[in-house]
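**Q** Mind having a look at this structure? Questions to follow.
The values are calculated or read from the model by the stated rules, or taken from the named source; none is laboratory data. Because the structure is predicted, anything quoted here is derived from the model rather than measured. Methodologically, a virtual Cβ is constructed for each residue, glycine included, from the backbone with ideal geometry; neighbour enumeration extends over all protein chains shown. We work out accessible area using only protein heavy atoms, side chains counted, and drop any ligands, DNA or RNA first. Shrake-Rupley method; radii C 1.70, N 1.55, O 1.52, S 1.80 Å.
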Amino acid sequence: MSLDFVSVRPGVCPLEALLSSTALVALAEIGDKTQLLAILLATRFKKPVPIILGILVATLANHFLAALVGSEAAALLQGAWFRYLIAASFIAMGLWTLIPDKIDDIEDRPARFGAFLTTAIAFFLVEMGDKTQLATVALGAKFHNVWAVTAGTTLGMMLANVPAVFLGNALLKRVPLRLVHGIAAVLFIAAGILMLGETAGWF
């Protein structure tokens, strides 16, 4: 398996990968299961710094692996059919973003390891199979730049979750979730349509 993490598709700027990953994941994370988990942990521990550091470590580890999987899959499965599949996954992600998560979906386990370890472990596990992790896989496959995608998706997660840790449920009451989810859905679907067009030679 190639470990050339900084290789990119011709014509793709790493800054584009970074900014696209940041914007898509930051919007998708608003009201997501992991943001609700951040609020739950902040309410339980009342220690924002260890919780934020736990979120950062868990996200870096999880999204690095997700971006690597996407990038390596794109390198191994080259062909128009795979790009069509990635484009379709962006469109599906946009539709999934419109379905809100609930705090009841998160199992409230006893905290045995302190704020940092509990947050890191819980965040890593809850993120498995979550829409932001799957979006990271798709972004890794699209841009084939593990570092830029990991940095961008992690930044997006922190932009959404740091305010949640400090403001808690008050943040969700002030943010128009339907509007945010709608914008995220439009961006994901637009990215998918653009990729479809590029693959089909429409643009």
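**Q** Can you tell me which residue is nearest to HIS181 (Cα to Cα) among those in the stretch 43-97 that are among the polar types (S, T, N, Q) and open to solvent by less than 10 Å² (accessible area, probe 1.4 Å)?
**A** It comes out as THR97.
**Q** Okay, next question. Every residue in the stretch 21-34 that is over 11 Å from the mean Cα position of the chain (by Cα) and in a helix (DSSP H, G or I), please. Show your work before the answer.
**A** Step one: filter the stretch 21-34 for residues over 11 Å from the mean Cα position of the chain (by Cα), giving 31, 33.
Selection gives LYS33 alone.
**Q** Among the numbered criteria (1) modelled with pLDDT of 90 or more; (2) under 18 Å from MET157 (Cα atoms); (3) of a type outside the set (Phe, Trp, Tyr), which single criterion is violated by GLY70?
**A** Unmet for GLY70, out of (1) modelled with pLDDT of 90 or more; (2) under 18 Å from MET157 (Cα atoms); (3) of a type outside the set (Phe, Trp, Tyr): (2).
**Q** Another one. Which one of these is touching an Asp or Glu at 6+ places or on another chain (Cβ under 7 Å) and open to solvent by less than 10 Å² (accessible area, probe 1.4 Å): MET157, MET195?
**A** None of the others qualify; the one that does is MET157.
**Q** Follow-up question, since we're still on this one. Residue under question is VAL162, and the condition is that it be open to solvent by 10 Å² or more (accessible area, probe 1.4 Å), modelled with pLDDT of 95 or more, within 25 Å of LEU19 (Cβ to Cβ) and of a type in the set (Val, Ile, Thr); does it hold? Even if it seems obvious, please write down each step before you answer.
**A** Values: open to solvent by 10 Å² or more (accessible area, probe 1.4 Å): yes; modelled with pLDDT of 95 or more: yes; within 25 Å of LEU19 (Cβ to Cβ): yes; of a type in the set (Val, Ile, Thr): yes.
When the stated conditions are applied, VAL162 passes them.
**Q** Give the residues of the stretch 8-64 that are among the basic types (Lys, Arg), within 29 Å of LEU117 (Cβ to Cβ) and in contact (Cβ under 8 Å) with a residue 24 or more places away in the chain, sorted by residue number.
**A** LYS33, ARG44, LYS47
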